[in-house]
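One structure is given below, represented as structure tokens, and several questions about it will come after.
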Amino acid sequence: MTDQTGDYRIDFELNDRNNGFPRRPVDVHATRDEVEDFVRDGFLLRKGLISQDWLAEFNDALDEIVRAEAGKPGAEVLEGNGLYFRSLLNKSETFHRMIQFPPTLSIARALLGPQVTFDMEARIALAGVPAAGVPWHIHMRVIPDPMPPFFCYPHSVHGLIYLDPVGELEGPLCVVPGSHRNPRLDLDGSYEPHPDEVRLTFDPGDCILLHGNLWHRTVPTAPNCGRRGLLLFGYAPSWLKNDLARGVKTDGSLTEQLRASGDPELVELLDGFHW
Ligand SMILES: O=C(O)CCC(=O)C(=O)O
Ligand SMILES: [Fe+2]
């Protein structure tokens, strides 16, 4: 079914007899062509997606977090990059409106299936601080070689919402279209321009959706740059988190003791992977 804007509905039904084969229709806020473009290119740009009202509230909420966390243990000030603020959904209810935001959620569901989880972070490169940037990277460096027959490919849909104007001084975002489908490409750590890169500048309120393994970088900031703040969010298949949340509750202290051992293999077996 396609409406006049070209948006369409997918009538997902889950193969779950125990729960009556639940239907999970998704009204996709994109055309089929746009979704196909994302599958091929690994990104989709939505200019002006976030209203001025929401932007103002997001900025206020983030400013409060910035003030509250300054100098706290764990506060992430990354040399040559900027400030990161994690777990925003537990820091301000203002961000909760993004959890069920159809313009991005529906596209994530069209791509990943109807059952996805959501999380949100922020990055700020400060005004007037030069050479702040993020070199070429992907978000899920977990693909083994050789590829096991049942390897669960790290498909995820990540999004960036720009809070400030991002021009040449603040450092455009560069992406390599289609690179999410090339698990052996390795550009890690470099700022070297790629021959196929697409260079993007932004206005406040613009949003870009990226496959979590699309190669991307920013151009480092210039000395007279403005603040470069953005919200980062991500959707991943919800069934990857296997917390049963059933049965007789425990205080979790036995596995906590194992985590406290700091053995990375144990921590991975108990907690999985965090991007
Ligand atoms: O700042 C940007 O435009 C992108 C940041 C980014 O890719 C990241 O933090 O993973
Ligand atoms: Fe990134």
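Can you report the principal axis dimensions of the chain using only the alpha carbons, biggest first, rounded to whole angstrom?
Between the extreme Cα coordinates on each principal axis of the chain lie 60, 56, 44 Å.
For the stretch 29-249, report the accessible area per residue in Å² (1.4 Å probe, heavy atoms, rounded to an integer).
Averaged over the residues of the stretch 29-249, the accessible area is 49 Å².
Once every DSSP H run of n ≥ 4 in the chain is given -39500 (n - 2.57) and the sum is divided by its residues, what mean residue ellipticity at 222 nm do you get, rounded to the nearest 500 deg cm²/dmol?
Calculated at 222 nm, the ellipticity per residue is -6000 deg cm²/dmol.
For residue 72, which lysines qualify as cross-link partners when the Cα separation must be under 19 Å and same-chain residues fewer than eight apart are set aside?
Qualifying lysines at Cα under 19 Å: 91.
Just to be sure I understand the model, the point goes 7 Å from the Cα along the line to the Cβ. What's the resulting residue 192 to residue 137 distance in nm?
A separation of 2.0 nm, rounded to one decimal place.
Provide, as a two-decimal number, the C-alpha radius of gyration of the stretch 125-275 over 2.2 N^0.38 Å, N being how many residues it has.
1.29
Each residue of the stretch 102-109 in turn: what ³J(HN,Hα) in whole Hz from Karplus with 6.51, -1.76, 1.60 and θ = phi - 60°, glycine and Pro shown as x?
With the stated coefficients, the stretch 102-109 comes to x, x, 9, 4, 5, 6, 4, 5 Hz.
Listed highest first by mean packing, meaning other Cβ atoms within 10 Å per residue, what order do 172-184, 223-235, 16-28, 83-95 come in?
223-235, 172-184, 83-95, 16-28
Based on the mean of other Cβ atoms within 10 Å per residue, sort peptides 188-198, 119-129, 209-219, 255-265 so the most packed one is first.
Result, highest mean Cβ count within 10 Å first: 209-219, 119-129, 188-198, 255-265.
The values are calculated or read from the model by the stated rules, or taken from the named source; none is laboratory data. All of these numbers come straight from a predicted model, not from anything done at the bench. Note: ideal-geometry Cβ built from the backbone for every residue, glycine included; neighbour counts use all protein chains shown. The accessibility values were calculated without ligands, DNA or RNA, using every heavy atom of the protein model including side chains. Shrake-Rupley method; radii C 1.70, N 1.55, O 1.52, S 1.80 Å.
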